[in-house]
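Only one structure is covered here, and it is reproduced in the block below.
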Amino acid sequence: MVISWDEYFMGVAILSSLRSKDPNTQVGACIVNSDKKIVSLGYNGMPISLKNNDEIYPWSRQGDNLETKYPYVVHAELNAILNSRADLRGCTLYTTLFPCNECCKAIIQSGIKEIVFISNKYQGTDSVTASMRMFENAGVKIRQYEMKNKEIIINL
């Protein structure tokens, strides 16, 4: 059995998401160039210098802002952009969750031209609406990936 490029790259994004310590939403991202080569990976987590202190920062979604994960966590898409040493112009970003408006700005600024995503669970929110508006205006193609295989089994 040979999997498609979309299955392969989305599988890598899903695998990357499993590195996230977020107990609620694990997100992974994989950036691919036009030669079908992976140029970067990312997942949602604390900034590098805070990695050893993951346990002292909150992973909560509710409460006072400074007691939630939101001011601290770097999103998977931004991590993938920041982790790359390659020119990202014309690349495709595979992500497990539709990008927020903050990541959208970084995606557009980096020159990525296509977004492939699995979930858009925040569709209709201001953040996603702003992202869609900016992607359309910048000419970034967006498409939802439909999972054909819900399970990947690796036998060695």
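The values are calculated or read from the model by the stated rules, or taken from the named source; none is laboratory data. These numbers were taken from a predicted model, which means no experiment stands behind them. Counting neighbours? That spans all protein chains shown, and the Cβs are built from the backbone with ideal geometry, glycine included. Side chains included, ligands, DNA and RNA excluded: accessible areas come from the protein's heavy atoms. Shrake-Rupley method; radii C 1.70, N 1.55, O 1.52, S 1.80 Å.
Residues in region 93-117 that are of a type in the set (Val, Ile, Thr), more than 10 Å from the chain's Cα centre (by Cα) and crowded, with 21+ Cβ neighbours inside 10 Å: Ile107, Ile112.
For region 15-54, the set of residues classified as in contact (Cβ under 8 Å) with a residue 60 or more places away in the chain and touching a Phe, Trp or Tyr at 6+ places or on another chain (Cβ under 9 Å) consists of Ser16, Ser17, Gln26, Val27, Gly28, Ala29, Cys30, Ile31, Val32, listed by residue number. In the condition set (1) at pLDDT below 95; (2) farther than 23 Å from Ser127 by Cα; (3) not small (Gly, Ala, Ser), Thr25 is compliant with all but (2). Hey, can you tell me all the residues within region 118-143 that are assigned to a loop (DSSP other than H, G, I, E, B) and over 15 Å from the mean Cα position of the chain (by Cα)? Across region 118-143, the qualifying residues are Gln123, Gly124, Thr125, Gly139, Val140.
Of the residues making up region 121-138, those that are closer than 17 Å to Cys103 by Cβ and out of contact with any helix residue (DSSP H, G or I) (no Cβ under 7 Å at 6 or more places or on another chain) are Lys121, Gln123, Thr125, Asp126, Val128, Thr129, Met132, Arg133, Glu136, Asn137. Checked against (1) part of a helix (DSSP H, G or I); (2) farther than 20 Å from Arg19 by Cβ, Cys103 passes all but condition (2).
Please enumerate the residues belonging to region 6-50 that are open to solvent by 60 Å² or more (accessible area, probe 1.4 Å) and outside any loop (DSSP other than H, G, I, E, B).
Within region 6-50, Tyr8, Leu15, Ile38, Leu41, Ile48, Ser49 qualify.
Scanning region 118-142 for residues that are touching a strand residue (DSSP E or B) at 6+ places or on another chain (Cβ under 9 Å), touching a residue at least 12 places away in the same chain (Cβ under 8 Å) and open to solvent by 30 Å² or more (accessible area, probe 1.4 Å), we see that the one that is nearest to Cys30 (Cα to Cα) is Ile118.
One residue alone among Asn44, Asn65, Asn33 is polar (S, T, N, Q) and in contact with a Cys (Cβ under 6 Å, 6 or more places away or on another chain), and that residue is Asn33.
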